[in-house]
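What follows is a short report on a single structure.
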Amino acid sequence: AASAQFQLTVPVAVVFAPGSVPADLPRPLPFRDVQEMEISVNLRTSITSHYEMVYRSTTAQEEAALDAATAREADAALHPLQDASLGSLTMYVVPETSSLLPEGVSVYVGKHRSALLRAGGDLAALRTRLLQLTQVMSFTASSIAAALSDRVPDGRLGPDARRHLKSSLGYEITFSLLNPDPKSHAVDWDIEDAVNRYVQPVLDKLSLLANFSVDSQILYYAVLGVTPRFDKESSSFLLSAHSLPHVINPVEARLGSSAASLYPVLNFLLYVPERSHSPLYIQDKDGAPVSTNAFHSPRWGGIMIYNVEAPASPQASLPLHVDVDMVRVMEVFLAQLRLLFGLSREELPPEFLLETPGNEGLADWELDRLLWAHTVENIATVSTTLTSLAQLLDKIGNIVIKDDVASEVYQAVASAQSAMAKLATGHLHSAFQASKEAVTSSERAFFDPSLLHLLYFPDDQKFAIYIPLFLPMAVPILLSLAKIIREARQRKKEPTKMD
């Protein structure tokens, strides 16, 4: 792929509350300061992260907000006073003695785009902590490496890098209830209400990232395709960790959703085991039971096994009526959804306290983290697509490229350059939009119908098609030619008669 030099600029406001200003500030507040870091990806892709820090004192309104009883209340009160633009962060430095932060916590990350830091030490110590916090809330070397996973040598990627879904303009989410034994279990799940209550708020938040569509289905007589092992001690059935990959293929054949889809499909399956294999539990690699009784497959989705309690009396009439506890199920599926989007919380020091995002499923800064990663990934994808297109067209000598294909290519290049420029100035939202436009244009050019039939019709195929047509005609022509040549030679040999 072509080379790329990214500069990712994060605007950060560092706001000092009274009594928290370090003694060794180089000049009076307010002042600017820039910190840069290199992220190494490969020889052709260089990334500079550029943190533009503005140090200032609190305003009267911010001071009043910081007088709240708890960090959560302070975070809510400070939210309307901050720069709300995507990708920008505000760090409030509070005095060491402040009771806002609980005992043993020196950093509190709110659910918007701000954090509270306990003052302590000199400016150098504060800068180190600010840098660590800024990376948590925007992007780290590992999150950028995961976004550029196609360009990074395999050995240098963490185990989670290939888990995340690739950036796409849309995603389809399918919830499936698998009931392999409808004679024994009549299963009811209120999926519509559950999606509206638990899934929709998360998708509304993610709607900036892509378009989402959600559907659900109930499949009867759909089995897992792996026979579980009976365990006498617990008188239950067990699925071991190494057999889990074999569960997906037989089930996927029944889902039938991904074949007709333009976008990546996320499958969330709720499996109610048949009576002859109940109760069914999943074991991890060490043989311990998995507490959620669920597992997820990278870039594919997740499966949860929902056991039905055996009836108290053996004479109970079949099928048993089962009402699924949707709260328990949705907790698991939403956790899996976060994992698939790469929103799993990174390992943080114990003095960090992260606010739970609540009903929305993800904090504002987590959305920004996704946007940083997807913008970089989109630009890299456009670069790869256009390079592949150029190489393909080079190989086809007699191709005619229409004006609309050329204009899509120019549009893709212009949008990608605009996205790079916006990243360098710290305008994350417009950079992401430009990167999406670039992807759309580059794919339109690559899959243009006027190019497609040429890509699949190379010269050797032309010969293969036309030779059988010409051969029957060529045989009599060649025989006639041979006859004419023979006769001409004959004439030359015969001496002309002289009178």
Selection count where residues are open to solvent by 20 Å² or more (accessible area, probe 1.4 Å) and among the small types (Gly, Ala, Ser), scope the stretch 98-141: 9
Does the stretch 353-367 include one or more residues that are over 27 Å from residue 100 (Cα atoms) and aliphatic (A, V, I, L, M)? no
Across (1) open to solvent by 20 Å² or more (accessible area, probe 1.4 Å); (2) within 29 Å of the chain's Cα centre (by Cα); (3) of a type outside the set (Ser, Thr, Tyr), residue 87 clears everything bar (1)
Can you name the condition, by its number, that residue 190 falls short on among (1) closer than 23 Å to residue 377 by Cα; (2) at pLDDT 90 or above; (3) among the acidic types (Asp, Glu)? (1)
If you check residue 356 against the conditions, is it in a helix (DSSP H, G or I) and either among the polar types (S, T, N, Q) or in the same structural domain as residue 111 (by the TED database) (or both)? no
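Would you mind stating whether residue 148 is at pLDDT 90 or above and surrounded by 18 or more Cβ atoms within 10 Å (Cβ to Cβ)?
Numbers: at pLDDT 90 or above: no; surrounded by 18 or more Cβ atoms within 10 Å (Cβ to Cβ): yes.
So residue 148 fails the test.
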Looking only at the stretch 108-137, which residues are out of contact with any Pro (no Cβ under 6 Å at 6 or more places or on another chain), touching a residue at least 60 places away in the same chain (Cβ under 8 Å) and over 20 Å from residue 34 (Cα atoms)? 108, 109, 110, 112, 121
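Rundown of residues vs (1) assigned to a loop (DSSP other than H, G, I, E, B); (2) touching a Gly at 6+ places or on another chain (Cβ under 8 Å); (3) open to solvent by 70 Å² or more (accessible area, probe 1.4 Å); (4) on the phi > 0 side of the Ramachandran plot, yes/no style:
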position	(1), (2), (3), (4)
27	yes, no, yes, no
32	no, no, yes, no
40	no, no, yes, no
54	no, no, no, no
78	no, yes, no, no
It is to be established whether one or more residues within the stretch 238-261 are over 19 Å from residue 280 (Cα atoms) and charged (D, E, K, R). yes
Would you confirm, using the coordinates I've provided, whether residue 260 is under 29 Å from the mean Cα position of the chain (by Cα) and without any contact (Cβ under 8 Å) to a residue 24 or more places away in the chain? yes
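Does residue 336 satisfy the criteria of being under 21 Å from the mean Cα position of the chain (by Cα), surrounded by fewer than 23 Cβ atoms within 10 Å (Cβ to Cβ) and within 19 Å of residue 169 (Cβ to Cβ)?
Values: under 21 Å from the mean Cα position of the chain (by Cα): yes; surrounded by fewer than 23 Cβ atoms within 10 Å (Cβ to Cβ): yes; within 19 Å of residue 169 (Cβ to Cβ): no.
No: the conditions fail for residue 336.
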Residue hits (the stretch 190-245; open to solvent by 20 Å² or more (accessible area, probe 1.4 Å), polar (S, T, N, Q) and over 24 Å from residue 261 (Cα atoms)) are 227, 234, 235, 240
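The values are calculated or read from the model by the stated rules, or taken from the named source; none is laboratory data. No experiment lies behind these values; they were computed from the predicted model shown. Methodologically, a virtual Cβ is constructed for each residue, glycine included, from the backbone with ideal geometry; neighbour enumeration extends over all protein chains shown. For the accessible areas, the whole protein counts, side chains as well, though only heavy atoms, and no ligand, DNA or RNA atoms are used. Shrake-Rupley method; radii C 1.70, N 1.55, O 1.52, S 1.80 Å.
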